[in-house]
1. In Å³ and rounded to a whole number, note down the convex hull volume per residue for the Cα atoms of segment 271-395.
2. Report the calculated FRET efficiency for residue 36 and residue 206 (r = Cβ-Cβ distance, R0 = 45 Å), to the nearest 0.05.
3. So, R0 is 41 Å and r is the distance between the beta-carbons of residue 256 and residue 380; what FRET efficiency does that work out to, to 0.05?
4. With label points built 7 Å along Cα→Cβ from the Cα atoms of residue 278 and residue 118, find their separation and express it in nm.
5. Once Rh for segment 7-180 is found with the Kirkwood sum over Cα pairs, what is the Stokes-Einstein diffusion coefficient at 4 °C and 1.567 mPa s, in µm²/s?
6. Which whole-angstrom value gives the distance between the alpha carbon centres of segment 151-184 and segment 270-336?
7. If you wrap a convex hull around the alpha carbons of segment 6-85, what volume per residue comes out, as a whole number of Å³?
8. Going out from 0 in 10 Å bins, what whole percent of all Cα-Cα distances in segment 58-112 drops into each bin?
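Please treat every number below as a calculation from the coordinates, not as lab data. Just so it is clear, the model here is predicted, and its values are computed rather than measured. FYI the Cβ positions are ideal-geometry reconstructions off the backbone, even for glycines, and counts take in every protein chain you see.
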């Protein structure tokens, strides 16, 4: 609806168009605020409001638009800071915010968006330094002209290509490529102490020793704190939300292919939104034609109903019904993890995600601690001891803050109270337990955890399917 002489304000009722994927209202005379309800358009891929008279802040609810690829709000009267919530829009590739009244610095979360290609922030009142832009951003074009940035222009990343960026009329910048013709940066010279070989070796030994001493202590404290927190959490309600096949059909747009986010041996996983409370969910639909799928469904329900822990994926409900054709239908409804699986970060289809500046060692260490905390809870502190039996990167999901959650309990083994004394156990697993390459010799989880740690450290699969 571009250039259609629209006037007035954008109605909050736009939030009811939950199936909308493209909203283009360029070159009109629409005034007022961008309504917060726009955050309900979770399927939206393109939002373009260029050349209108919108004012106020960009609503923070924009962080719900996890499928958004293009954000175009240039040449309006928007003000305030650029919301750091934009960093939650993990699919964003093109951002046009030029010609507004934004102030402050560029949020780090925007800089670190993994798929960003074009970022135009020109003709605003932005300030601060731009040194962070040299790392963690892989763009084809960056425009920061007509702002109030200051400090040194980096000589790395996009700033190596004079045709890929523009810094015009930022009078407090210095350094950078000679083609920019900026004044040299005035730096206070610091006398660097001379260090001989022995001193360097001594520092290295002390640093490595500190890591070896303190990392196990940190892991132990984190596991202990998580376990204590889990014991303080209130129990799950006796009654889960009741959902029908029709509810899940509506939530996933009829189990449409564009909502498909994963596939496994026993079924497929779709993202969706429940109309009852607008909650984002992952719907795991079982393929009942696959041998063992029903047993896997029962096993996962049995395991998940017994456990609650911050590092284990939360089950919202299950559905056992019939579809519109009269066939059996079984599904699990789980919390949606916006950052996907650990597998997708360690072995991405988009190679730039593997850059250690984006997925750094600190994050991977925290993920390893989270997984250890989950295993400790399952083995020693849950209602009954549970062995996961299929621990691998694709079964570790990552939340907004990269907190790890162990998922997929379809092969879990639930041990009876008398297992230790009588060596008997109740088993909900079926067939060959686990995934080749991660199967433990004793069918335990610790071997799989060790394999996962190796993969988490050196980024390489420990097992290749083409190896005989």
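1. Value for segment 271-395: 150 Å³ per residue.
2. 0.30
3. The value I calculate is 0.45.
4. Modelled inter-label distance: 3.0 nm.
5. The diffusion coefficient I find is 79 µm²/s.
6. Cα centroid of segment 151-184 versus Cα centroid of segment 270-336: 53 Å apart.
7. Residue-normalised Cα hull volume stands at 76 Å³.
8. 25, 61, 14
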